[in-house]
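These notes concern the structure reproduced below.
The values are calculated or read from the model by the stated rules, or taken from the named source; none is laboratory data. Just so you know, these numbers come straight off a predicted model, no measurement behind them. A quick note on method: Cβ atoms are made from the backbone with ideal geometry, for glycine too, and the neighbour counts reach across all protein chains shown. Accessible surface areas use protein heavy atoms only, side chains included; no ligands, DNA or RNA. Shrake-Rupley method; radii C 1.70, N 1.55, O 1.52, S 1.80 Å.
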Amino acid sequence: MAKGLIRYWAAARAAAGVAEEPYDAATLEQALTTAAAGRDLEFERVIARSSYLVDGDPVGTRDHASVRLPDGGTVEVLPPFAGG
């Protein structure tokens, strides 16, 4: 398992109730599943619509189970943004 940090932005931060939290997971899917445990459906709705960066690299449409997380890495959770 890798240990790192998940950072939440905008609506993701509001739904999570925190700006950031640690992860202890091998994959992005595992980290998000753990993060969702004990949180409400709004959190799950927001993360389902979000985009992700792992150490600055976009995850894009890759299956989250295939995205390996690095030890000491950072996952950025970017919900859809409105405006211009």
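Laid out as a table, the results:
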{"quantity": "First in region 1-28 and closer than 22 Å to ASP63 by Cβ and open to solvent by 50 Å² or more (accessible area, probe 1.4 Å), second anywhere and in a loop (DSSP other than H, G, I, E, B) and of a type in the set (Gly, Ala, Ser), Cβ under 6 Å, 6 or more apart", "calculated": "MET1/ALA26"}
{"quantity": "The lone exception for GLY38 - which of (1) under 12 Å from the mean Cα position of the chain (by Cα); (2) without any contact (Cβ under 8 Å) to a residue 12 or more places away in the chain it fails", "calculated": "(1)"}
